[in-house]
Amino acid sequence: AASALQLEPEERAMLAGERGRAARVAMRVVARAAEVCDAERLLRISQAHIDGCTYIGPGGLRFARELVALGGRVAVPTTLNSNSVDRRRWRAMGVPASLGEPSEALGQAYLDLGASLSFTCSPYLLPSAPRLGEHVAWGESNAVVFANSVLGARTLKYADYLDICAALVGRAPAAGAHLD
């Protein structure tokens, strides 16, 4: 079946690599997610909150480092979920290097992509919290519920890696809660 997804000229340019290799990869992911959701278009987001910055294995670190190597920079203000370790004191706390080092590296990769030094699972408590009607791409479960029900912003529960892709292109599928 043919996709009903219609991209704007700027989105097609990202898909063609005209805004760099990382944006091309990210737009491919976001566009494919939109097709899976049967979205007819993408929508502009005002911000993102990245849940995928918690270290769960080498694949996530490799993905983030690859986005950095491809020249990735977030297109919208982007906050980060809590990290797997205390970035300053994990050694003093006795966390094994096998967890501490890749966790620290993962957090740094997201900072290198332009995300803010936030590391919180409660982005709705930050001064940058979205307002009524804003479209955002948040990945943290409790934050998604709070954004949609209390703040009146609109977001889906963006999976790890889709969240950073949305941040890199400033777009998300026009689907689900975004359409309510």
Note to self: Rg over Rh of the chain, using C-alpha atoms and the Kirkwood radius, what does it come to?
What the structure shows: 0.99
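Hydropathy at least -1.0 by Kyte-Doolittle, axial extent at least 18 angstrom from the Cα trace: which helices of the chain, defined as entire DSSP H runs, fit?
Working: long enough: 21-36 (23 Å, 0.50); 97-112 (22 Å, -0.16).
Answer set is 21-36, 97-112.
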Notebook entry, point to check: Where in the stretch 19-43 does the amide nitrogen come within less than 20 Å of the point 7 Å from the Cα of Arg65, taken along Cα to Cβ?
Noted result: 21-23, 25-26
Check: Rg and Dmax of the stretch 1-105, using alpha carbons, in Å: what are they?
Finding: 17.1, 56
Next item on the list: Would you mind working out the accessible area per residue for the chain, using a 1.4 Å probe, and quoting it in Å²?
Entry: 49 Å²
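Count the DSSP beta bridges whose two residues both fall in the stretch 21-171, then state the antiparallel fraction as a percent rounded to the nearest 5.
10 percent
In whole percent, and with a 1.4 Å probe on the protein chains, what portion of the accessible area of the chain is carbon and sulfur? Please report the intermediate quantities before stating the final value.
Details: 4680 of 8810 Å².
Using a 1.4 Å probe with all protein chains present, the chain comes out at 53 percent carbon and sulfur.
Mean separation of Cα pairs under 8 Å and 6+ residues apart, divided by the residue count of the chain: what relative contact order is that in percent? Provide the component values of the computation, followed by the final result.
Details: 355 pairs, mean separation 56.9, N = 180.
Dividing the mean separation by the residue count of the chain yields 32 percent.
Averaged over every viewing direction, what's the projected area of the C-alpha convex hull for the stretch 123-180? Give it in nm², one decimal, please.
Values: hull surface 14.7 nm².
Averaging across all directions leaves 3.7 nm² for the Cα convex hull.
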Next item on the list: Putting +1 on Lys and Arg Cβ atoms and -1 on Asp and Glu Cβ atoms, find which of Gly100, Thr54, Gly72 reaches farthest to the positive end of the dipole of the stretch 1-138.
Entry: Gly100
Notebook entry, point to check: Arg21 to Ser46: FRET efficiency via 1/(1 + (r/R0)^6), r the Cβ-Cβ distance, R0 25 Å, to the nearest 0.05?
Noted result: 0.50
Note to self: Which residues does the label zone of Glu8 cover in the stretch 26-50, counting backbone N under 19 Å from a point 7 Å along Cα→Cβ?
What the structure shows: 26-35, 39-48
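The values are calculated or read from the model by the stated rules, or taken from the named source; none is laboratory data. Predicted model only: the values in this text are computed from it and were never measured. Note: ideal-geometry Cβ built from the backbone for every residue, glycine included; neighbour counts use all protein chains shown. Accessible surface is based on the protein model in full, side chains and every heavy atom, while ligands, DNA and RNA are left aside. Shrake-Rupley method; radii C 1.70, N 1.55, O 1.52, S 1.80 Å.
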